[in-house]
1. Conditions: (1) farther than 14 Å from residue 115 by Cα; (2) in contact (Cβ under 8 Å) with a residue 40 or more places away in the chain. Residue 45 meets all but one. Number of the miss?
2. Considering 100, 45, 95, which residue is more than 23 Å from residue 162 (Cα to Cα) and either in the same structural domain as residue 145 (by TED's automatic domain parsing) or modelled with pLDDT of 95 or more (or both)?
3. Go over the candidates 25, 36 one by one and state the one that is in contact with a helix residue (DSSP H, G or I) (Cβ under 6 Å, 6 or more places away or on another chain) and modelled with pLDDT of 95 or more.
4. Restricting attention to region 149-156, does a residue exist that is in contact (Cβ under 8 Å) with a residue 24 or more places away in the chain and assigned to a loop (DSSP other than H, G, I, E, B)?
5. Scan region 121-139 and tell me whether some residue there is more than 21 Å from residue 53 (Cα to Cα) and modelled with pLDDT under 95.
6. Restricting region 78-120 to residues that are free of Cβ contacts under 8 Å to residues at least 24 places away in the same chain and closer than 24 Å to residue 190 by Cβ, which is nearest to the chain's Cα centre (by Cα)?
C-alpha cells in the first residue's frame, strides 16, 4: 500500500486506535501497530520513537477527531466559576463514553506496563489541567468554600471525573449516563461551589434508586 510520508503518522494513529477499540483488546506492540498500519516497524519508530509516544499521540488524535475542544468550549467561555465547573463536569463526563474503549485497553495493563502507565499518566495530567482551571475559576470569583485548599479541590474533582469512577458506576453498578452526569454534577457543585440545591438533587437521585 503506497502512502505519502505526511499520511503515514495519521495511518499509524488510526490503526492504533482501531486496535485499542477492539473488544477485549490487548495493548498492541509496535509490530502490531506497524502491521495494522501497512507500514514497516521502522517507519512507526521513525514517526513515534517509543510506544508511549504513539499511545499519547493516538489519544490526542482521538480527542481531535471527536472535537473535544468544541465540547469544552462552554466551560472555557463561562462567565462564572460555578458555570465553568458545571460545564466542565458535564462535558468531560459525557466525553468518557467516547474514549472508554481505548482507556479500558490501556488501564488493563498500567500496573505492569511502564509505557502504558506513562501514556495514561500523560492523558490524566491533561485532564487534571482542566480540573485545575475550573477550580481556579471558583477561587477567582470567591465561590470555593473558605479554608478549602485549591489543590485538594482539584484532587477531588479529578477523582470524581476519573474514568474508573465512570466505569464503576455505569458499567459495574448499572447507572445510566444521565444519572451519572446528574450525580457527579451535583456532588461537584455542592462540594466545590457551595451549591446546596445541587446536593438536594443528588439525594433525590439516591432516593429514587433505592
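The values are calculated or read from the model by the stated rules, or taken from the named source; none is laboratory data. These figures come from a predicted structure and were not determined experimentally. So basically every Cβ, Gly included, is an ideal-geometry build from the backbone, and we count neighbours across all protein chains shown.
1. (2)
2. Matching residue, one of 100, 45, 95: 45.
3. Just one listed residue meets the conditions, 36.
4. no
5. For region 121-139, residues more than 21 Å from residue 53 (Cα to Cα) and modelled with pLDDT under 95: absent.
6. 91
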